[in-house]
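Below is one structure, written out as structure tokens; comments come after it.
What follows is calculated from the coordinates using simple rules that are stated; it is not laboratory data. Small disclaimer: the values here were computed from a predicted structure and weren't measured. Positions of Cβ are generated from backbone atoms using ideal geometry, with glycine treated the same way; all protein chains shown enter the neighbour counts.
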Amino acid sequence: MTTEFYDSAPQVFPSGAQYAALYADGDFKQKQPSGIPHARWITVDGGTAAAAYAGIADFETGNPVYLSSALYAWADQRVRDGHRFRPYCNRADFARAHAQVGHLRPAWWIATLDNNPHWTPALITASLKAMTGITVDPGTVWGIQWGTNSRYDTSYLFGEW
């Protein structure tokens, strides 16, 4: 059985959603919605301060965490504090994210956004290898974001929530 989870900037989720990744900072800062018992927090800012409140970093163009070494600073602080960290990125940005934090052994959340639910950790790591030449252990794939629509994105959870 695969666990689905969702993220949405306007905080709209499908009926019955139990798991959601929510924005803790930036323009889309949210509070935990009622009815969703399992939440993880996303930073778009990155850096050491965000490490205290967000276990996911949204590493994509336009976010401060994408600039300079903000992803590394966030991840390194999470490790120092004894917490897991999950970089979120698409396959095109994976090499750039991996260069900053790959040596720290993150739990990856990789986006395909192709609306194809066939993705598995083995398939996504093969795709990353083909695109970037980087070999990633399928066991480090925490989630795969495959679905998108105008209201929310859908991911499969492969790691521990």
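The length gained on full extension between Leu104 and Thr140, counted as 0.36 nm times the residue separation minus their Cα-Cα distance, comes to 11.8 nm. For region 3-157, the antiparallel share of DSSP beta bridges with both residues in that region comes to about 35%. For the peptides 126-135, 5-14, residues were scored by their other Cβ atoms within 10 Å and the scores averaged per peptide; the highest-first order is 5-14, 126-135. The 3J(HN,Hα) values that the Karplus relation (6.51, -1.76, 1.60; θ = phi - 60°) gives for region 144-161 are, in residue order, 10, 8, 10, x, 8, 8, 6, 10, 7, 9, 10, 10, 9, 8, 10, x, 6, 4 Hz. Gly and Pro appear as x.
Evaluated at q = 0.16, 0.22 Å⁻¹, a Debye calculation over the C-alpha positions of region 56-131 (equal weights, vacuum) places log10 I(q)/I(0) at -0.57, -1.00. With all pairs of separate Cα atoms included, region 32-161 yields a Kirkwood hydrodynamic radius of 14.8 Å. Of the chymotrypsin sites (Phe, Trp or Tyr not before Pro) found in region 40-121, those in coil by DSSP whose Cβ has at most 13 other Cβ atoms within 10 Å are Tyr53.
Under the criterion of Cα pairs below 8 Å and six or more residues apart, the relative contact order for region 22-119 equals 20 percent.
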